[in-house]
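Q: Sharing a structure below in C-alpha cells format, with a few things to ask.
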Amino acid sequence: MAAEGLTARKAALGLLNAVLGDGRMLAQVLADPAGPLLQASPSDRARAQRLAAMVLRQIEPADRVLAPHLRKQPPLAVRNILRLAVCELAAGAAPHGVVNTAVNLARHGNRTGHMTGLVNAVLRALPAEGLLSGPVQKLPRWLRQPLVHAYGRDAVALMETVFASPPPLDLTLKPGATHPDGHLLPTGSLRLTDPGQISGLPGYATGDWWVQDAAAALAVPLLAPQQGDAVLDLCAAPGGKTLQLAAAGADVTALDISGPRMARLAENLARCQLSATLITDDALNWQTEARFDAILLDAPCSATGTIRRHPDLPFVKDDSDLPALLALQSRLIDRAIELLKPGGRLVFVTCSLLPQEGEAQLTALLARHPTARVEPPTMPALDPAWITPEGGLRLRPDYWADTGGMDGFFMARITI
C-alpha cells in the first residue's frame, strides 16, 4: 500500500479515536492545530475525513461482521483499525492491500503493535462477499425514541437508511449562474452526487453558487425578502442564508457570536461578489437602535437534522444540553421580535428533528406573543405534507430518500 494511502488511513484512525474515545466532534478535531491531521496534505485530509465518515456510518454493521471472529473486545484503537478495514472491503477495495495496510497501522500505532497477529487473522477470516449487507445502523436510543414517537417507526427506519450513505452535495445558484451539471431539485437547488474537488467546479471561482443543503435553502424563500428590505440574519454563520438574502437584493445585517465563522462568511461574500454588514456580537447583548423589516433566526440547536453530513453527532451528543438550548432558543425568539418593525416578519429556524426545538417552540411563541400569527408557506414545489397543522414547515431526511434525502429542519414564518 502506497505511503500516501497509509498516511490518510492513519489520519482517519486518529479522527475515529478522537470521536469514539474522546467524545469530540469531527469539526473540533479538524480545527485543532495539534490534531491527527497536522502533517497531512490537503488530499490526505480530505481522504481521511471521507474514510472516518464512512466508518461512523457503518460501525454497528461492521461490529456485527467482526463479532464472530473476536473472543473478547480488543482496545478501541484496534477495533477502529478492524472497522476501517471491513468498511473498505465492503466498498470493493482489494483485500490484499486492505489487510496489509491494517496490519501496518496496528504495527506502528501506539499500544497496538502487539495485536498485529489478531488484526491479520481476523481480516483474513472474513467472508469474501456480503459484508455490511445486513440492517443499517440505528440511531441512539436518546434520539430514536422521541423520533419514533413523533414520526413513526417506518419514517425513522427510512431516515436511518439515508444516514447510512454519504449525502449528495447541494448548491444554491445565483440567478443566471454558471454551474456544474447536476440534478435540479423541485425547490431550485442543484444536487451533485459525485462533485469531486468543490473549488474546481464550474462557477466556483466566479461566485455563481455556494454549498447549501436544499432544506436549509428554503428558509429565505419562506421569509420572502424584497429589494431594499432591511433584514437581520441572526446567528448568521456560516452564512448560506446571508448570501441568499444579499442575492435577493436585501440590505442585510449578519450577526453572529463566532469571529472565525464570520471571517469565513466574509470570504464567501467576497467570492460571490455580494455585500452585507457583518457584526460579531452576542445577539442577546447586542445594542442597536435599528429595527428591521424582516429577521431570519437560525437558532442554536441540537443539530440532529444534520446527521447525514455529521455522522459523528450520534456518538458525541446526547440530550443533556437540550434544556439549555430550548431556553436559549426562546430568549433569541423574544429578542428577534423586539428588533422587528411593527408589522415585521420573523422566520424561526432550527436544524433539529426534535419537535421540542421546532413545533413546540412555535406553540410557546404564539402563547407568549398574542399578536403574533403564523403565515403558512406558499412557495411552489413544497409537498403539502411538509406543512404542520400550525403552519410551520417540517423537513425530514426521509423526504426525497431515493435521491439522497435532505437535512432535518423546522421553520416557521411569523408576522407581528
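The values are calculated or read from the model by the stated rules, or taken from the named source; none is laboratory data. Not measured: the values here are computed from a predicted model. Note that we place each Cβ from the backbone using ideal geometry, even for glycine, and neighbour counts take in every protein chain shown.
Q: Spot the failing condition for T172; the list is (1) over 18 Å from A53 (Cβ atoms); (2) modelled with pLDDT of 95 or more; (3) assigned to a helix (DSSP H, G or I); (4) of a type in the set (S, T, N, Q), and only one is missed.
A: (3)
Q: Let me ask something else. Test each condition in (1) under 23 Å from L158 (Cβ atoms); (2) surrounded by 20 or more Cβ atoms within 10 Å (Cβ to Cβ); (3) among the basic types (K, R) for R309 and report the one that comes out false.
A: Here R309 clears every test but (2).
Q: Considering only region 67-97, state which residues are surrounded by 21 or more Cβ atoms within 10 Å (Cβ to Cβ) and without any contact (Cβ under 8 Å) to a residue 60 or more places away in the chain.
A: Answer for region 67-97, where residues must be surrounded by 21 or more Cβ atoms within 10 Å (Cβ to Cβ) and without any contact (Cβ under 8 Å) to a residue 60 or more places away in the chain: V78, L82, A85, V86, C87, E88, L89.
Q: Same structure again: Counting only residues that are more than 23 Å from the chain's Cα centre (by Cα) and polar (S, T, N, Q), which one in region 107-159 is nearest to P74 (Cα to Cα)?
A: Checked region 107-159; the qualifying residue nearest to P74 (Cα to Cα) is T112.
Q: For region 22-37, which positions are of a type outside the set (K, R) and either assigned by TED's automatic domain parsing to the domain that holds H310 or over 21 Å from S199 (Cα atoms) (or both)?
A: D22, G23, M25, L26, Q28, V29, D32, P33, A34, G35, P36 - these are the residues of region 22-37 that are of a type outside the set (K, R) and either assigned by TED's automatic domain parsing to the domain that holds H310 or over 21 Å from S199 (Cα atoms) (or both).
Q: Of the conditions (1) in contact (Cβ under 8 Å) with a residue 60 or more places away in the chain; (2) over 16 Å from L218 (Cβ atoms), E359 clears all except one; give me its number.
A: Condition (1) is where E359 drops out.
Q: Considering only residues that are touching a Gly at 6+ places or on another chain (Cβ under 8 Å) and under 22 Å from P166 (Cα atoms), look in region 384-403 and name the one that is surrounded by the most Cβ atoms within 10 Å (Cβ to Cβ).
A: That would be P397.
Q: A follow-up question, please. For region 195-205, check the following and say yes or no: at least one residue is in contact with a Leu (Cβ under 7 Å, 6 or more places away or on another chain) and modelled with pLDDT of 95 or more.
A: no
Q: Being in contact (Cβ under 8 Å) with a residue 60 or more places away in the chain, surrounded by fewer than 18 Cβ atoms within 10 Å (Cβ to Cβ) and of a type outside the set (S, T, N, Q) is the filter here, so list the residues in region 165-184 that pass it.
A: Selection gives P166, P175, H183.
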